[in-house]
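Below: one structure, written as structure tokens.
Bear in mind these aren't lab numbers, they're just calculated from the coordinates by the rules spelled out. All values reported here derive from a predicted model rather than from experimental measurement. Note that each Cβ is placed from the backbone with ideal geometry, even for glycine, and that neighbours are counted across all protein chains shown.
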Amino acid sequence: MSSQKHSVKSKKKILIVSFIALLVLAILSLFFKYTLENFIREQTNFSKVINIAGKQRMLSQRVMLLIQSMNMQKQNDGYQIIRSDLLNCLQLMKKSIQDLTNGNTLEGIAKITNSEIERNYYGKTNLYQRTIDFIEFAETSANNYNFTDFLFEYNIYKVNSLLNDLDKMVTLYINESNTQLNKIIAFNYLIFYSIIFVIFFEFFIIFKPLSAKIYNKFKELEIQIYNLKNDKSTLEIETRSAQRALGNIVPRVEYIDQFNTESVQLASYYQSAKGKGDDWWGIYEFDKTKIVLLGDVSGHEAGSALIAAAVSNYFEELSNQKSIDTHDFLDIFKFLNEFIQKIGNPKMSMSMEVLIFNENLDRVKFINAAHSFPYHIHYKDNGEIKITRFKSRGHIIGYKNPLTTNPEFDEELKVVEYEFKENSMICLFSNGLTGNTDKEEQDFGEKNLKKFFEKNNFKNTSVIKVVDKLIDEAYSFYEENPITDDITFILMKRVN
């Protein structure tokens, strides 16, 4: 009887100890699950905040361009369209600065701050009030239809100071992101090692007969940690590349100084769709040879930004070597194809086209990887307008889905050479320009784009004015229907 009582007590003790051990393990596991979910939420929030900070800088550039355009233009229908765009940009700037400084519960944006961020917003730099003053002054000027005082107040030095401080905020948010996420990961490691300790305790002291099941649990946790480390590595690559990529993917609607000569000018337009940011383009110089690239990355948002940043960085490194003779661009495309397949997911790919101009800028080599064919518009002396396309049907870069890939764009990449004639213009564009729709879901289409060039003789028109006219043409078609895909186009014009 005494032995039986002792056995019952032993069983109760084992059950109590087992229950406590299981409870501890369950609590640690739930806590570990919570911290993993919190990591994902924090990562998402940091991505949103960094994107808003970059968008704030982009909008300030856009506002200055629109104001300069309105200041030189008469009050007509085009003027009112630009004014409407300006007021919309100012509202977006106002919303962005409020989201950054106060957060936005409805949109799931939490405020991110530290002492340095607070000093930049409210201390000596006073970026918050400067941004508000910039917005309010621009709104007042727009309502009064007079920008003389605004342009006098915001000269190039004051605007550059504001842009530099907005750039600095992007860097501060990236640094704070790294700091906070590293803390979360370190805390996850602590929980992980605590779970390992409990598991070994149970295995050797209590649950030896169930060691196989506990071992499987350990392997499951090990895989979770491995995936967490991979997520951290991906985030580190993305944040390291973000600042470098910013200079190549932020919008500019202006002459590009590094490309322009007496005979050739280049201007561009970029507009990111909400939640997108997949288009990118860049100009690179190899000694006296100039390269223009335009790409469109498909896939999820963070991955798309990572691919665009990595490819942009890759071409910058190549251009630092100066000589183009050492590079075979077909081999470079093959390398990028393997590179994207390696770092991307199975649904990620990129279309891209490259124009390689000779020293005199009168001939161009063209390589195309499943991108839209550029237009070449030649303005003849008799007033005739001749429109042709640079054509090459190379395959897409990265993952190719055999069920959706267009067979026309499944050919091997090749180099095709064309003449860049005097009094002519080249138009590169992403499919966002032609693919966005009006309220009836009719897309702008290449047909309307071609008609735009057919009905307007831009022989004696500056390329920056052509950019403005094409913007008006496209957005007049879209009306107020929001764009769903990034819009990018680049115009290069050669005169006598």
query: Between residue 411 and residue 189, what is the spin-label point distance in nm, taking each point 7 Å from the Cα along the Cα→C-beta axis?
result: 5.4 nm
- request: Using R₀ = 41 Å, calculate the FRET efficiency as 1/(1 + (r/R₀)^6) where r is the Cβ-Cβ separation of residue 143 and residue 469; round to 0.05.
  value: 0.95
- line: Note: residue 341 to residue 94 extended length (0.36 nm per residue) minus current alpha-carbon separation gives 84.9 nm
message: Restricting to Cα atoms and excluding each atom paired with itself, what does the Kirkwood estimate give for the stretch 90-151 in Å?
response: 12.9 Å
field: FRET E, pair residue 223, residue 455, Förster distance 60 Å, beta-carbon r, rounded to 0.05
entry: 0.45
field: Rg and Dmax [Cα atoms of the stretch 96-207; Å; Rg one decimal, Dmax integer]
entry: 23.4, 82
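Once the other residues with Cβ under 10 Å from the Cβ of residue 108 are scored (Lys, Arg +1; Asp, Glu -1), what is the net sum?
+1
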Spatially close lysines, pair count over the stretch 29-106: Cα under 22 Å, gap of eight or more or interchain: 4
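Give, in nm to one decimal, the length gained when the segment between residue 388 and residue 359 is fully stretched (0.36 nm per residue of separation minus the Cα-Cα distance).
Answer, rounded to one decimal: 8.1 nm.
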